[in-house]
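Novice: Sharing a structure, written as structure tokens. Questions coming.
The values are calculated or read from the model by the stated rules, or taken from the named source; none is laboratory data. As the structure is a computational prediction, the values presented were derived from the model and not from experiment. Note that we place each Cβ from the backbone using ideal geometry, even for glycine, and neighbour counts take in every protein chain shown. When the accessible area is computed, the model is the full protein with side chains, heavy atoms only, and any ligands, DNA or RNA have been set aside. Shrake-Rupley method; radii C 1.70, N 1.55, O 1.52, S 1.80 Å.
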Amino acid sequence: MTEHIQQVENSLREINRLKRKITFGNIPAFYHSVSTSLGMAEGMLKYGFENSLDVLTDKKNWNIKLLGGMEDKLGDIVCEHKPRMSIYKVFTKNGFEVHCVAWKGEHELHTDLVNHPQMEFKFWHPGSMKVVFRIAQLHTFIQMYFEHGDEADLQLIRCAHNIAEDFVDQLLTKFNVQKVYGVSVRNFFDFAEQKFKEKGELYLPNVYPFQND
């Protein structure tokens, strides 16, 4: 994983150099914004800073009784099981996002809940806990690429796909993942390309009914 992250970091640096060469140093503000968003996402993968997963991986918020957990002599919480989670890859009006949805009993939990014996977290607040990853306005950037993009823009989109998929792979190690569902960056790129060729309207696929709450 570390080697692959290093490759992504180097790739992003090379893509930015290519963009500067193509534009003679006049990098558009929108490209810079998306590139910066990707750099932050890459930093979250490599260094863990500004990590929105902290509240989900904090075992102090886990229902350790339900997860077969205990606190050892050093005060560390050790659990036999990890909380169940569904992972959704979605495009919203804000950009590409990865959503985590907790479970209660045999169903996904889409509403606020606190201290329920069948919930694997002590509290669950979807409004602040669900969105764990975002590349801002990536859908608009992809649409712009088909209208007047260049090779650097295409490479940046490919880099976004790799970073997003690496992030999802990390989630698989942190939770008891019940399913991974939705639209990858590459999926949406292919869809946008088809719509562009057909001169059709590009819309955001509705992956699951709660993605905009």
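Novice: What FRET efficiency do you get for residue 147 and residue 111 if R0 is 45 Å and r is their Cβ-Cβ distance, rounded to the nearest 0.05?
Specialist: 0.65
Novice: With a ≥ b ≥ c the root eigenvalues of the C-alpha gyration tensor of region 38-159, is it rounded (a/c under 1.5), prolate (a/b larger than b/c) or oblate?
Specialist: Judged from the Cα gyration tensor, region 38-159 comes out prolate (a/c at least 1.5, a/b above b/c).
Novice: Quick one: compute the contact order of the chain, relative version, from alpha carbon pairs under 8 angstrom and 6+ residues apart, as a percent.
Specialist: So the answer I get is 24 percent.
Novice: Quick check: the angle from helix 138-148's long axis to the longest principal axis of the chain, C-alpha only, nearest 10 degrees?
Specialist: 10 degrees
Novice: Then there's this: Taking the Cα atoms only, what angle lies between the long axis of helix 151-174 and the longest principal axis of the chain, rounded to 10 degrees?
Specialist: Between helix and principal axis, roughly 10 degrees.
Novice: Residue separation times 0.36 nm, minus the C-alpha to C-alpha distance between residue 79 and residue 93: what's the value?
Specialist: Difference between extended and current length: 1.3 nm.
Novice: Measuring from label point to label point, each 7 Å out along Cα→Cβ, what is the residue 195 to residue 18 span in nm?
Specialist: 2.5 nm
Novice: Quick one: ranking 64, 135 by accessible area, 1.4 Å probe, largest first, what do you get?
Specialist: 64, 135
Novice: Cα axis of helix 185-198 to longest principal axis of the chain: angle in degrees, 0 to 90, nearest 10?
Specialist: 40 degrees
Novice: While we're here: Report residue 76's accessible area, 1.4 Å probe, all protein chains in place, as a number in Å² to the nearest 10.
Specialist: Its accessible surface works out to 80 Å², give or take rounding.
Novice: Going Cα to Cα from residue 195, which lysines come in below 29 Å? Please leave out same-chain ones fewer than 8 positions away.
Specialist: Candidates past the 8-residue exclusion: 19, 89, 93, 179.
Novice: So if the hydrodynamic radius of region 25-104 is defined as the Kirkwood radius over C-alpha pairs, what does Stokes-Einstein give as its diffusion coefficient at 20 °C and 1.002 mPa s, in µm² per second?
Specialist: Rounded to a whole number, D works out at 136 µm²/s.
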